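Everything on this sheet refers to the single structure shown next.
The values are calculated or read from the model by the stated rules, or taken from the named source; none is laboratory data. These numbers were taken from a predicted model, which means no experiment stands behind them. Cβ coordinates were reconstructed from backbone atoms using ideal geometry, including for glycine residues, and neighbour counts include every protein chain displayed.
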Amino acid sequence: MKKITLLLFLIVFQTTLFAEACLWKSVEHNAMTLVDQTDPKDFSMYPNPAKSTLYVTSSKQAATMEIYSITGKLLMKKDLVFGENTINVSVLNPGIYLAKFSYEDNAQVTKKLVIN
């Protein structure tokens, strides 16, 4: 997510031709990319928190799971099949990750994943 900061400077002119700076204001805007979100019932991910093995059940064909660090670095990418998939997460350090599921119809869903 990209954070954009905009500073506004307002100058007020009075009838005496005297200019006065009267306001500095910081405006923050979080820019987001919009994508189609899939129905969360189309998949399940358990256990969460996980230790060494994560089970992902997908009710759609041609799905991909990507695991990102909290800083946005791609750590793992797996192609999923219809039904149950077993993912070895023992290579990940304990912490919080983002699991992003993408489908061939461009639908996506992202969930928090905790590794113990």
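For region 52-63, filtered to residues that are at pLDDT below 95 and not aliphatic (A, V, I, L, M), the residue that is surrounded by the most Cβ atoms within 10 Å (Cβ to Cβ) is 58. Number of residues in region 89-104 that are surrounded by fewer than 12 Cβ atoms within 10 Å (Cβ to Cβ) and closer than 24 Å to residue 60 by Cα: the value is 1. For residues that are surrounded by fewer than 13 Cβ atoms within 10 Å (Cβ to Cβ) and free of Cβ contacts under 8 Å to residues at least 24 places away in the same chain, tally how many sit in region 73-83. Here the count works out to 5. Scanning region 64-78 for residues that are in a loop (DSSP other than H, G, I, E, B) and of a type outside the set (A, V, I, L, M), we see that the one that is modelled with the highest pLDDT is 73.
Among the residues of region 43-63, those that are part of a strand (DSSP E or B) and under 20 Å from the mean Cα position of the chain (by Cα) comprise 43, 44, 45, 46, 50, 54, 56, 58, 63. For region 84-92, check the following and say yes or no: at least one residue is without any contact (Cβ under 8 Å) to a residue 24 or more places away in the chain, hydroxyl-bearing (Ser, Thr, Tyr) and assigned to a strand (DSSP E or B). Taking every residue of region 84-92 in turn, none turns out to be without any contact (Cβ under 8 Å) to a residue 24 or more places away in the chain, hydroxyl-bearing (Ser, Thr, Tyr) and assigned to a strand (DSSP E or B).
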